[in-house]
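The structure appears right after this line, and notes come after that.
The values are calculated or read from the model by the stated rules, or taken from the named source; none is laboratory data. What you see is a predicted model, and the numbers here were worked out from it, not measured in a lab. Positions of Cβ are backbone-derived with ideal geometry, glycine not excepted, and every protein chain shown enters the neighbour counts.
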Amino acid sequence: MIDYGSDTNGRIVYIKIECNHIPIVLVNVYAPAQITERCSFFKELFLYIPSTKWIIIGGDFNCTPNNEQDRSKLGAQTDNLSHRILLKEVINPLLLTEIFRRKQPRKIIYSYHASAGNYHSRIDLVFGSDIIYKNTHDIRYVPVGISDHDALVLSINIPPLTDKNMHRRWICNPNVIKRKSFLEKFHRVWNIIINTADLNTTE
């Protein structure tokens with residue numbers, strides 16, 4: 001294990017590990033059920049994700065990528081906003097893809113099952129970087145008897161480190177720090193560090 005952490009509410013948990021000398025970030029997400037809170041949550045999610053080439057973000061996002069394809073029925077409270085914010089604030093900036101849908105573009109399947117009203121939706125998702133997608137050999141939903149959510153199982157191959165896939169040193173363009181968007185996000189990250197870090201420990 002290289003690093004780990006979470007937000008103050010326990011809705012975001014991440015761990016950075018090393019496998020075959022390759023750093024991999026695993027992030028688990030439990031998004032709020034209320035739409036307004038969920039949209040705010042997605043706007044802050046990016047700040048908790050360490051940077052690396054191998055990234056997997058999964059969990060209960062409490063929204064569907066496609067309301068027509070990923071819900072058994074539409075209702076008055078159907079959310080048409082929060083997934084767009086998730087894409088804009090997290091998925092697109094990190095160049096991630098929704099692995100199951102990319103592997104199975106037409107398959108109709110649901111991960112959440114509400115007995116009230118016989119309602120079903122696919123709100124449990126896994127996003128990964130391109131190298132994760134290319135090394136995925138299986139992804140599937142598996143029913144869990146004690147839960148109203150199905151498990152989402154992802155199987156990937158992690159190749160041995162070679163000169164070809166070795167990480168090269170990255171040098172930041174110093175002009176980036178002059179951008180207003182960078183400064184705004186930096187201040188938000190800094191506030192998170194100050195509010196969550198234990199400054200009394202040497203670990």
Check your understanding: Identify, please: which residue in region 87-120 is surrounded by 12 or more Cβ atoms within 10 Å (Cβ to Cβ) and of a type in the set (S, T, N, Q) and is, among those, farthest from the chain's Cα centre (by Cα)?
Key -> Q104
Check your understanding: For P50, which of the numbered conditions (1) closer than 19 Å to R122 by Cβ; (2) under 12 Å from the mean Cα position of the chain (by Cα) fails to hold?
Key -> (1)
Review point. Among the numbered criteria (1) modelled with pLDDT under 95; (2) buried (at least 16 other Cβ atoms within 10 Å of the Cβ), which single criterion is violated by V144?
Key: (2)
Review point. Going by the conditions given, is I17 outside any loop (DSSP other than H, G, I, E, B), of a type outside the set (D, E, K, R) and modelled with pLDDT under 95?
Key: yes
Study note, to complete from the structure: Condition set farther than 22 Å from R122 by Cβ and of a type in the set (S, T, N, Q), scope region 1-35, selection surrounded by the most Cβ atoms within 10 Å (Cβ to Cβ): answer is S6
Point to revise | Residue selected from region 69-86 under the condition crowded, with 16+ Cβ neighbours inside 10 Å and under 19 Å from the mean Cα position of the chain (by Cα), by the criterion nearest to V27 (Cα to Cα) | key: L86
